[in-house]
Amino acid sequence: DFNKVRSKFNPPVSAVRPGEGLRVRPLRRADFHRGFLQLLSQLTAVGDVSEEQFLKRFDAMQSCPNTYYVTVIEDTTNGQVIGSSTLVIEQKFIHGCAVRGRLEDVVVNNTYRGKQLGKLIIMTVTLLAEELNCYKMTLDCKDNLIPLYSSLGYFLEKGNSNYMQIRF
Ligand code: 16G
């Protein structure tokens with residue numbers, strides 16, 4: 001279960017001890033110049049986003065209190081953002097006006113593989129979701145990432161939570 005997962009990191013890593021020269025922190029406006037969008041482009045198409053557009057979106061997210069938690073890993077030796085994941089808090093009427101967490105845009109720079117940074121960034125926002133009293137946290141991912149998420153306590157609810165979409 002989740003409690004077992006928490007202590008599974010080997011060697012032990014945590015948000016306060018992510019590894020030599022690494023730092024976990026919230027996204028900042030200055031991260032436009034620290035490779036944040038280039039990092040996201042390892043996940044999907046980012047497009048041609050100007051600094052002005054980035055800042056406008058950043059400010060729009062900030063203006064929604066307690067909703068967007070964009071968490072990054074910075075390599076302090078070169079000042080680059082090398083990992084990111086976003087927790088979005090969705091307010092509900094159900095479950096006694098509960099909140100639900102959505103795990104989005106998880107990416108770790110592919111040159112930083114083998115340092116358990118994917119696990120670290122996922123667990124950091126997962127614990128944050130729990131801390132913020134989310135009744136559940138959900139995500140969608142490619143088949144090849146199912147083992148990773150499964151190892152961190154996420155599970156497929158067969159037949160009851162099929163991921164569907166419509167694209168515009
Ligand atoms: C993955 C991501 C999702 C992201 C999407 C982008 C996770 C857990 N899931 O599904 O957050 O927005 O990829 O792909 O990180 P798209 O450009 O095809 O929508």
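Here are a few things to note about the model shown:
- Scan of the stretch 20-37 for residues that are in a loop (DSSP other than H, G, I, E, B) and either without any contact (Cβ under 8 Å) to a residue 24 or more places away in the chain or within 19 Å of residue 85 (Cβ to Cβ) (or both), ordered by number: 20, 27, 28, 35
- Tabulated pairs, the stretch 82-97, first of a type in the set (Asp, Glu), second modelled with pLDDT of 95 or more and part of a strand (DSSP E or B), C-beta under 9 angstrom, 6+ apart or interchain: 90/99; 90/100; 90/101; 90/102; 90/134
- Odd one out for residue 58, checked against (1) within 16 Å of the ligand (Cβ to nearest atom); (2) closer than 22 Å to residue 129 by Cα; (3) in contact with a helix residue (DSSP H, G or I) (Cβ under 6 Å, 6 or more places away or on another chain): (1)
- Within the stretch 38-124, strands (runs of 3 or more DSSP E) holding 1 or more residues that are within 15 Å of residue 26 (Cα to Cα) and either in contact with a Cys (Cβ under 9 Å, 6 or more places away or on another chain) or of a type in the set (Lys, Arg) (or both): 80-91, 99-108
- Taking each residue of the stretch 110-137 that is on the phi > 0 side of the Ramachandran plot and looking for partners that are hydrophobic (A, V, I, L, M, F, W, C) with beta-carbon atoms closer than 9 Å, six or more apart or interchain, yields 116/9; 116/13; 133/98; 133/99.
- Looking at 117, 132, 139, 87, just one residue is touching a strand residue (DSSP E or B) at 6+ places or on another chain (Cβ under 9 Å) and near the ligand (Cβ under 10 Å from one of its atoms), and that residue is 139.
- Search result, residues across the stretch 129-152 that are part of a helix (DSSP H, G or I) and either surrounded by fewer than 18 Cβ atoms within 10 Å (Cβ to Cβ) or among the basic types (Lys, Arg) (or both): 130, 131, 143, 144, 145, 146, 147, 148, 150, 151
- Flag for residue 144 being polar (S, T, N, Q), under 18 Å from residue 44 (Cβ atoms) and in contact with a strand residue (DSSP E or B) (Cβ under 6 Å, 6 or more places away or on another chain): no
The values are calculated or read from the model by the stated rules, or taken from the named source; none is laboratory data. Just so it is clear, the model here is predicted, and its values are computed rather than measured. Ideal geometry is used to build each Cβ from the backbone, glycine not excepted, and the neighbour counts take in all protein chains shown.
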